[in-house]
Each structure stands twice: as C-alpha cells, then as structure tokens.
Amino acid sequence: MSEVREIVTRAVLAKGRKTFKICESINIDNQPYSVLGCWIINHEFEAKENARQVEINGSFEINIWYAYENNTKTDVAKATTNYQGTIKVKDIVCDATTNNTDVMVRILQQPTCTNACIKDNVIEVEVVFDALAEIIGETKIMVNVFNCNDNVDALDNLENEINE
C-alpha cells in the first residue's frame, strides 16, 4: 500500500543565461602604434534578484600591452571597468512556498578580450563573458511512500536463506 506525501525542499526555481559584451575605450599616455596583447584579470561581481530577474554588478581590470614610437618601445596600460546588467530568468518551478530566495551566479566563460583596436590615440577593447543565474527557494514535491512494515520479518529471514 502506498501513500502520497508532500516534502518541502530547496530547489532551483528559475534559471537564465546571458552573454555579456562590453566595449571600453582606454586613453593611452603615448601615441599607440600597435596592440601587442590584451588580457582581463581580477573579475569580481555581486548579484541579487529584482522582480524575477537577476541584476549583476561587477568589475574587472583590463591590461593592454602596446607598442609606441614606431614600434621601438612598449608599455602596459591598465584600466578598471565597472559594469552592470540584467539576466532574465525562466521559471522552472511555479509554486514557491516562500519569498525567501537565494541567487547563485556562475561565470561559464571568464571575461576575455575578443578585439582591441586603435582609434584616434584611444584603444577600444571588446570584452565578452557568459554568466548563468539561478534563483533557489523552497517548494513542495509530492512523493509516493510505500509502507513496508510487513516485510521486516522477511528481510531478517533472508540472511538465513543465503547459501554461502
């Protein structure tokens, strides 16, 4: 004989993913001749839920290695970039039991420079990264429970019946 029971548990209520594309212009002290390399470090962010969307605020540091004076000297320019964005989420579970939710954001692809070019003594940098957001909260699930009190004696006798 089975019964149906409700269990309250924490689960992913909503989920969303977004690719962020950030363009930044960085002023350089010297007249740049060519961009030799660009990398992104020190990525930090915070996330919170707002009206069934996830708002993310963060920053990262851009380091640009460039040549100047007709490719005879090099230098590294550094700039910190702040960004904010919204990740739309799709409901997975519609019947949350409380409004007390947590937000988890994971960076699936770390910020990477995809393009860096020189325009009028300024280096324009394009940075791309992917983020996955999940809203976690309480919900109820229904499970079938099978009552096996009658079979306890059968399990005890099973050990005696095993032929070693």
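Laboratory data are not the source of any read-out in this text; all were calculated from the coordinates shown. Fair warning: this is a prediction, and the values are worked out from it, not measured in the lab. Cβ sites come from the backbone with ideal geometry, for glycine too, and all protein chains shown count toward neighbours.
When each of the peptides 132-139, 79-86 is scored by the mean number of other C-beta atoms lying within 10 Å of its residues, the order from highest to lowest reads 132-139, 79-86. Take every pair of alpha-carbon atoms less than 8 Å apart whose residues are at least six positions apart; their mean separation over the length of the chain yields a relative contact order of 35 percent. With Rh defined as the Kirkwood radius, the inverse of the mean 1/r over Cα pairs, the Rg/Rh of the chain is 1.36. Averaging the sequence gap over all C-alpha pairs within less than 8 Å and six or more residues apart, then dividing by the number of residues, gives the stretch 51-94 a relative contact order of 48 percent. If we count every other residue with Cβ under 10 angstrom of residue 145's Cβ, Lys/Arg +1 and Asp/Glu -1, where does the sum land? Neighbourhood net charge equals 0. Helix 152-161 and the long axis of the chain differ in direction by around 90°, with both axes built from C-alpha atoms. About its Cα centre, the dipole of the chain is roughly 1080 debye, where the only charges are +1 on Lys and Arg Cβ and -1 on Asp and Glu Cβ. With both labels modelled 7 Å from their Cα along Cα-to-Cβ, the residue 30 to residue 76 distance reads 1.5 nm. Computed over the stretch 79-142, the range of Cα coordinates on each principal axis works out to 63, 17, 15 Å, biggest value leading.
If you take the charge dipole of the chain about its Cα centre, with +1 on Lys and Arg Cβ and -1 on Asp and Glu Cβ, which of 104, 143, 30 is farthest toward its positive end? Positive-end residue among those listed: 30. Computed extension gain for residue 140 through residue 17, at 0.36 nm per residue and net of the alpha carbon distance, reaches 41.8 nm. Would you mind classifying the stretch 1-63 by shape? Square roots of the alpha carbon gyration tensor eigenvalues, ordered a ≥ b ≥ c; an a/c under 1.5 is rounded, otherwise it is prolate if a/b is larger than b/c and oblate if not. Prolate shape, in that a/c is at least 1.5 and a/b is the bigger ratio.
Summing Lys and Arg as +1 and Asp and Glu as -1 over all other residues whose Cβ lies under 9 Å from the Cβ of residue 127 gives a net charge of -1.
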